[in-house]
Amino acid sequence: MARKRFQEISRSSGRRDPLGVGDEMLTAGMSAVTLRWVEVPGRERLSRAFHWTWILALVLTCAGLVMIYSVSTAQGFFAQNELALDRIRDQGVAALLGLAALLVLSRLDYRRLRPMIMLFTLVVFGLLFAVWIPQIGREANEAARWLDIGPLPIQPSEIAKLMMVVLAAHLLSTTRAKQGRFGVLFWPLAPVAGLATGLVLLQPDLGTAFMLAIIVMGLWWQSGMPLKEWIVIAALGILLVAVAILTSDYRRERFLVFVNPFNDPQGDGWQIVQSFLALASGGWWGVGPGRSVQKFNYLPDAHTDMIFSIVGEEFGFVGVGVLLLAFVLLVVCVFRVAAECTDPFGRYLAGGVGLMIAGQAVVNLGGVMGVLPLTGIPLPFVSFGRTNLVMMLAGVGMVLAVARYGPVRIPVPMEADSNQGELLTLERGFSNVTYLDRRRRHSRSCSAGLGDR
């Protein structure tokens, strides 16, 4: 009976043998076996979600570099090849910086970030204000969103998304927030999030402001905010989005284009109509790598917001399906890491990164396919966007840190010793077994002195 129960819990946890000790441990000399859940560091047994998270992030980044090179060579043809290498070089540098951040953060205990969160928040708010400073802030397409600091421009609104994740995770995991009362969850996160969203909206950047709202609302839901209050806040947010659309001629025109893009296919509806043509031209298998026609300046912003359309044209329905599957698996793995972590801060941190990736992908793909209005949100890991790529990879590094250092619960069998009348658990020897196995793998001596150190 004990063996059957142990196997059921093993299957539910996704591991054939959660302890790595084998089924024979359940029957060898045990008169009565029961199970208990104990917390151990995640690094004692890294789950498959940990490995799939970094593998999928790396695959998506490489796919993005390939697609950016494909689009940039076509666009550089009309500019004497000035853009052909500049964009892929800048994105490559951003990918290296992001991978470095991923490696560093994945090896750092995420709980050590908490003392630096408030300083990080102040720095990000300073950057959001700095976009309006002459000689530092740069305006493009009637939007002040960039800072010319160093060789690569910085987009503070992209950093603000990761800032909102770590800040919300910190505030929602305090001792007061564990009470679950609305006032504690709402304050002081709501005013800080409102200020950040307002600054981004003034740039103007409605898409990123909407993403900040998605992150905060998602983490409020995850933290257990009462449903009634959550619905009221969501309704007020939708009302504010409607006001932002109606009070801006540009946003109102884009929303009307979303409603009926073929009403003006040669004018305001040109971009979304060309996106439809690119996706339709791909068919099942696509026209072939590098053979897209729409990227030759027919499709505006083909290297950023609309790169998914070029993927559909060159690789067809099959290529689009593989890309979507990669995103779904990545988000599932990130949320799996969040679900397994028993530390509230780690759980909210990983969940916030999952919301950031999933929300941005859904908003971008919805706009490209005509399901949602176009907002200018890039496709994570794939679209051209240096700051966005660095922040996404840094967020993945935090998820890996949560999986590595965050506590997880596993089932441990206990033996009832009838002679002594007490429970002797395997929990005490768990780290010893792990240490012995590690020593065996490295062909070291397994003699004395193998206890916890």
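The values are calculated or read from the model by the stated rules, or taken from the named source; none is laboratory data. As the structure is a computational prediction, the values presented were derived from the model and not from experiment. Cβ sites come from the backbone with ideal geometry, for glycine too, and all protein chains shown count toward neighbours.
Listed values, structure above:
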quantity	calculated
Subset of segment 193-207 that is within 20 Å of GLY366 (Cβ to Cβ) and in contact with a Lys or Arg (Cβ under 7 Å, 6 or more places away or on another chain) - its residue that is surrounded by the most Cβ atoms within 10 Å (Cβ to Cβ)	ASP205
When residues of segment 127-150 are limited to those that are assigned to a helix (DSSP H, G or I) and in contact (Cβ under 8 Å) with a residue 40 or more places away in the chain, the one farthest from the chain's Cα centre (by Cα)	PHE129
Those residues of segment 71-108 which are closer than 25 Å to PRO407 by Cα, modelled with pLDDT under 95 and surrounded by fewer than 14 Cβ atoms within 10 Å (Cβ to Cβ), in sequence order	ARG107
Only one of VAL293, VAL273, VAL257 that is over 31 Å from the mean Cα position of the chain (by Cα) and in contact (Cβ under 8 Å) with a residue 12 or more places away in the chain	VAL293
Scope segment 93-122; condition outside any helix (DSSP H, G or I) and basic (Lys, Arg); matching residues	ARG107
Some residue of segment 357-367 being touching a residue at least 12 places away in the same chain (Cβ under 8 Å), of a type in the set (A, V, I, L, M, F, W, C) and over 17 Å from LYS161 (Cα atoms)	yes
Whichever residue in segment 109-140 is within 16 Å of ALA350 (Cβ to Cβ) and aliphatic (A, V, I, L, M) and, among such residues, is surrounded by the most Cβ atoms within 10 Å (Cβ to Cβ)	LEU113
Positions within segment 339-374 being surrounded by 23 or more Cβ atoms within 10 Å (Cβ to Cβ) and small (Gly, Ala, Ser), in sequence order	GLY346, ALA350, GLY351, GLY352, GLY354, ALA361, GLY367
Evaluation of GLY352 against (1) within 23 Å of the chain's Cα centre (by Cα); (2) under 21 Å from ILE68 (Cβ atoms); (3) in contact (Cβ under 8 Å) with a residue 12 or more places away in the chain (one fails), failing number	(2)
Any hit, segment 389-404, residues being at pLDDT 85 or above, of a type in the set (A, V, I, L, M, F, W, C) and not in a helix (DSSP H, G or I)	no
Hey, TRP187 within 29 Å of LEU374 (Cα to Cα) and surrounded by fewer than 16 Cβ atoms within 10 Å (Cβ to Cβ) or not	no
Any hit, segment 225-238, residues being farther than 26 Å from ASP205 by Cα and crowded, with 18+ Cβ neighbours inside 10 Å	yes
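Yes or no, residue by residue, for (1) part of a helix (DSSP H, G or I); (2) among the basic types (Lys, Arg); (3) within 29 Å of ALA57 (Cβ to Cβ); (4) at pLDDT 95 or above:
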residue	(1), (2), (3), (4)
PHE262	yes, no, no, no
PRO265	no, no, no, no
SER281	yes, no, no, no
PRO289	no, no, yes, no
TYR298	no, no, no, no
SER309	yes, no, yes, no
GLU314	yes, no, yes, no
VAL332	yes, no, yes, yes
GLY354	yes, no, yes, yes
